[in-house]
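Structure record follows, encoded as structure tokens.
The values are calculated or read from the model by the stated rules, or taken from the named source; none is laboratory data. Just so we're clear, the structure is a prediction, and the values are computed from it rather than from any experiment. Reconstructed Cβ throughout: ideal geometry from the backbone, glycine too, with neighbour counts over all protein chains shown. Just so you know, the surface numbers come from the protein's heavy atoms only, side chains and all, with ligands and any DNA or RNA stripped out. Shrake-Rupley method; radii C 1.70, N 1.55, O 1.52, S 1.80 Å.
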Amino acid sequence: MMVSFASLEAKISKVKYQLPKDPIDVVIPCTSKDLGTLEVCIRGIKKYGKNIHRVIVVSDKRYTDSAEWFDEKLYPFSKFDIALNILGEEAKAREFQDAPNSRLGWIYQQFLKLYAPFVIPKISSNVLILDADTVFVNPIAFTNSK
């Protein structure tokens, strides 16, 4: 039996989500490799971002005084925990963690981004996650708020 898009669309009810007008908190995961662009990233979002409240850098140590710092050690997992969950054995996880071409650092950063709204105290209901090499050079609004 073939189902047409028209009949399928009729069965799906449209949902309107009421988005809060809270200010936006910006989270920037960072490692030492990102230091070349971190300050420009922070300056750009503070200067050009509309309705920005806090700018928070998540890292293993404080890399800047231009933004708040949140220690990644306060997350409920570590890079090794992720490697262990992927590979299931401690020896393999350590080898994967130390391998120069593993994607573990990238995978870990994705988890830091996804968990930020659940881990960082008093974070806004509106969260913008930026990579440290994202640089704004023109005004930008992410919500309809002023």
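Computed values, structure above
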| item | result |
| --- | --- |
| Total residues in the stretch 38-79, condition crowded, with 18+ Cβ neighbours inside 10 Å, small (Gly, Ala, Ser) and in a loop (DSSP other than H, G, I, E, B) | 1 |
| Odd one out for LYS16, checked against (1) open to solvent by less than 50 Å² (accessible area, probe 1.4 Å); (2) out of contact with any Lys or Arg (no Cβ under 9 Å at 6 or more places or on another chain) | (1) |
| Residue within the stretch 80-87 that is surrounded by 13 or more Cβ atoms within 10 Å (Cβ to Cβ), within 18 Å of the chain's Cα centre (by Cα) and small (Gly, Ala, Ser) present | no |
| Members of the stretch 88-131 that are part of a loop (DSSP other than H, G, I, E, B) and exposed (fewer than 13 other Cβ atoms within 10 Å of the Cβ) | GLY88, GLU89, ALA99, PRO100, ASN101, ARG103, PRO121, LYS122, SER125 |
